[in-house]
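J.: Sending over a structure as C-alpha cells; questions will come in a sec.
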Number of protein chains: 2
Amino acid sequence: MVRAGLTAAKVTAAAAEMADEAGLDSVTVSALARRLGVKDASLYSHVKNLRDLRVRIGLLGSEEMTDRIGAAVAGRAGKDALVAFADAYRGYALGHPGRYAATQMRFEPEEVAGSVGFRRSIELTYGMLRAYDLAEPDLTDAGRLLRSTFHGYIHLELGGGFGHSRDVGESWARSLDALHRTLENWPARETGSK
Amino acid sequence: MVRAGLTAAKVTAAAAEMADEAGLDSVTVSALARRLGVKDASLYSHVKNLRDLRVRIGLLGSEEMTDRIGAAVAGRAGKDALVAFADAYRGYALGHPGRYAATQMRFEPEEVAGSVGFRRSIELTYGMLRAYDLAEPDLTDAGRLLRSTFHGYIHLELGGGFGHSRDVGESWARSLDALHRTLENWPARETGSK
DNA sequence: CCTTCTTTCCTAGGGCTTCTAGGAAAGAAG
DNA sequence: CTTCTTTCCTAGAAGCCCTAGGAAAGAAGG
C-alpha cells in the first residue's frame, strides 16, 4: 500500500484550490478524496467533517488575505492606505473566490478561537481609519460601512450581479474616491440637515 | 388517497417559509416533501428540480421586495427617498432572510426572463438617484456603490458579522447619512485631490 | 351517468453524498 | 527488532436528488 502522505494542512490546501476552481459548494469530502487519490473515509483522519473542512479553508483564506492587506498598507496613510487596503482586498477575493467565500461563513466562536486572521483584519481596518481622526462610535460606524461596501462589491461582482457595459474596476476606483471623501467629511452627530 | 392539492405556487410559498425559518441551504426537496406531507417524488410534478425550487423562492422574494420598496419611496425624493428605500430594503431582508438570500443567487438569463422583480429593482434605484442629478457613467457607479453597501450591510448583519456592542440600526442610519452626502458631492472625474 | 383525459401522487430504484466502526499496514520510536 | 502511532482501508447505514412507470382523483365531454 503506497501512502499518499496527507496531513491536515495538505488536505486543506487541496480543498482551497478546489474551492477557487469550482466554488465552495463543490468542495465535498468525496470529491476531495477523488482528487487526492484516496477513499472518502481516509479524510476523516485529518478533518472532523465537511463543516470543519470548509472552516479550515476560511481560516486559511483570512490569514492569506490579511497578510496581503498588511503588506499593502504598510507605510501608507490616508487615501493611499484606503486604496491599497481596498485593492488588496478585492484582488485577493477575485483571485481566490472560493477561499474568500469561505471567510464569509457564519463561524462559531470556538472555530475561530485559535486563528489570527480575523483579529488582524479588525486591527488593520482600525489602523487604516486612524488617519481620518474619528472617535467612537463613529469609528465603528465607519468601519462597518467600509466592510459592507467592500464585501458587497465583491459579492455582487463575483455573483455576476453587475452588467457588462461599464468596467467594474473603474466603478470601484470611483467608489473608493467617494468613500474617501465620505470619511473625511464624516457627518456630525444629530445632523438635522437634509 | 386524499390529495394534498398542491400547485407550484403553494410549493414555492412553503419553500419560502422554510427558507426564512431555517436558511436557504436547508430547503431540500425531501425536507419540503416531509413538511407538505407528501413523498419526495411528488414534488417533481410541480418543480423541475432543487435548483428550480430555489430560483422560484428568489423570484418571489424579488417581487415582494420591490413591491415594498416601491410603496416606500412613492412620493419621496432626495434623502427621504434614499432612507425609505434603504429601510424598506433592510426591513425586508431581515424579516425574510431566506427569501433574500435566494434573490442573491447567480441566475441564468432564461431563469429571470419572465420575472418583473429584478427589472423593477433597477428602475427603482435609478428613480431614487434622479434627485442627485448625476450623468452616466456616474449614475452607474453610484448605483453600484449603493447596491453594494446595502447588500454588504445586510449580508454581514445576517451572518452575525457585526459585534454586539454598537446598535446596528444606528450604524445603519449614520451610514445612510454619509451616503446621502456622498451622492450630493459625487466627485468630479479625474480628481487629482488627495 | 359514464367515458375519457389530465393532473396529482405513488412505489421502486439508481446513484451520489456524509460519516462511523473496525481492522490492516506503513513508518517512527524505543 | 519490537512496540506504538498514524494513515489508510473495507463495509455499511442513512440521507439526499431524481427518473420511470403506474394508479387514482377530479375535470371535461358526450
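J.: Shortest first, in nm, what separates the label point of residue A:159 from those of the same position in the other copies (7 Å along Cα→Cβ)?
T.: The projected label point of residue A:159 is separated from its counterparts by 1.1 nm.
J.: Please list the equivalent ellipsoid semi-axes of segment B:55-184, computed as the square roots of five times the alpha-carbon gyration tensor eigenvalues, in descending order and whole angstrom.
T.: Working from the Cα gyration tensor, I get semi-axes of 22, 20, 13 Å.
J.: Post the alpha-carbon centroid distance, segment A:52-116 to segment B:1-44, in whole angstrom.
T.: 38 Å
J.: Of all trypsin sites (Lys or Arg not before Pro) in segment B:76-138, which ones are in loop regions per DSSP and have a Cβ with at most 11 other Cβ atoms within 10 Å?
T.: Passing both the DSSP loop test and the Cβ count: B:106.
J.: Per 5 Å bin, what percent of the C-alpha pairs of segment A:58-124 does each bin hold, from zero upward?
T.: Computed distribution, short to long bins: 4, 19, 27, 24, 15, 9, 3, 0.
J.: Also, I was wondering about something else. Mean residue ellipticity at 222 nm from the helices of chain B, using -39,500 (n - 2.57) per DSSP H segment of n ≥ 4 over the full residue count, to the nearest 500 deg cm²/dmol?
T.: Value at 222 nm, helices only, nearest 500: -21500 deg cm²/dmol.
J.: If the label for residue B:74 sits 7 angstrom from Cα along the Cα-to-Cβ line, what are its distances to the same label in every other copy, in nm to one decimal, shortest first?
T.: 5.8
J.: What is the Cα convex hull volume of the protein assembly as shown when expressed per residue in Å³?
T.: 169 Å³
J.: Please determine, in degrees from 0 to 90 and to the nearest 10, the orientation of helix B:50-73 with respect to the longest principal axis defined by the Cα atoms of chain B, where the helix direction is its Cα long axis.
T.: On a 0 to 90 degree scale, this one is about 40.
J.: Can you tell me the relative contact order of chain B? Whole percent, Cα pairs under 8 Å, sequence separation 6 or more.
T.: 21 percent
J.: Moving to a separate point now. Mind checking the per residue accessible area of chain A for me, 1.4 Å probe, whole number of Å²?
T.: Per-residue value: 49 Å².
J.: Would you tell me which residue of chain A has the beta carbon closest to the rotation axis bringing chain A onto chain B, and how many whole Å away it is?
T.: Spelled out as residue then distance in Å, it is A:152, 1.
J.: For segment B:1-51, take every pair of Cα atoms, bin their distances at 10 Å starting from 0, and report each bin as a whole percent.
T.: Histogram of Cα-Cα distances, whole percents per bin: 26, 61, 12, 1.
J.: Further, regarding this structure: Roughly how much accessible area, to the nearest 100 Å², goes out of reach of solvent when A and B pair up, both sides summed, probe 1.4 Å?
T.: So the buried area, both faces added, is about 3700 Å².
J.: Please state, to two decimals, what the Cα-based radius of gyration of segment B:94-170 comes to when divided by 2.2 N^0.38 Å (N = residues).
T.: Normalised by 2.2 N^0.38 Å, the Cα Rg of segment B:94-170 equals 1.32.
J.: Shortest first and in nm to one decimal, what separations exist between residue A:8 and its copies in the other chains, measuring from label points 7 Å along the Cα-to-beta-carbon line?
T.: For residue A:8, the other copies' label points sit at 4.8 nm, shortest first.
J.: Treating the Cα atoms of segment B:1-85 as identical point scatterers in vacuum, please give the log10 of the normalised Debye intensity I(q)/I(0) at q = 0.26 Å⁻¹, two decimals.
T.: -1.23
J.: Roughly speaking, to the nearest percent, how much of chain A's 1.4 Å accessible area is carbon and sulfur?
T.: 52 percent
The values are calculated or read from the model by the stated rules, or taken from the named source; none is laboratory data. Note that this is a predicted model, so its numbers are computed, not measured. Every residue, glycine among them, receives a Cβ derived from its backbone with ideal geometry; neighbour counts consider all protein chains shown. Heads up: the accessible areas ignore ligands, DNA and RNA and are worked out on the full protein's heavy atoms, side chains in. Shrake-Rupley method; radii C 1.70, N 1.55, O 1.52, S 1.80 Å.
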